[in-house]
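Shown next, in structure tokens, is the structure this report addresses.
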Amino acid sequence: MSGLTKKIIYTDATLSTILGVNEGSVVSYSDLLKGLHRYIKEKNLKTPKSTVISPNAAPSEASAAQAFTCRDCGEPIPAGAIFCDMCGVRQ
């Protein structure tokens, strides 16, 4: 992809805080997605508090919420996921 057609984003105050770059920096779409996924993972925003399984849960509940790993990058993904959240590969 040439420099003329490459998709880039100029970061504003909020986006620069999330990505950890200076305001006004230029980031590619892939860097933006990687940064957003990292932020979501660090802040534990992927799993709503109401779906967290307690240690005393019945075995059937625990196995239903068990995560699988991506066949490409090895990151944990939800059981029903069609795409990996980290690398985007179809499962």
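Does the stretch 1-46 classify as rounded, prolate or oblate by the C-alpha gyration tensor (a ≥ b ≥ c root eigenvalues; a/c under 1.5 gives rounded; else a/b over b/c gives prolate, otherwise oblate)? Numbers along the way, then the final one.
Numbers: a/c = 3.74, a/b = 1.61, b/c = 2.32.
The shape class here is oblate.
Relative contact order (percent) for the stretch 1-46, with alpha-carbon contacts under 8 angstrom and 6 or more residues of separation? Don't skip to the end; give the middle numbers.
Values: 37 pairs, mean separation 15.1, N = 46.
Averaging sequence separation for qualifying contacts and normalising by length gives 33 percent for the stretch 1-46.
What is the sum of charges around CYS84, taking Lys and Arg as +1, Asp and Glu as -1, for the other residues whose C-beta is under 10 Å from the C-beta of CYS84? The partial results should precede the final answer.
Numbers: positive: ARG71, ARG90; negative: ASP72, GLU75, ASP85.
So the surrounding residues net to -1.
Readers should treat all values here as calculations from the given coordinates under stated rules, not as data from a laboratory. In this text the structure is predicted, and so the values were computed from the model without any measurement. Quick reminder, even Gly has a Cβ in these numbers, built from the backbone with ideal geometry, and neighbours come from all protein chains shown.
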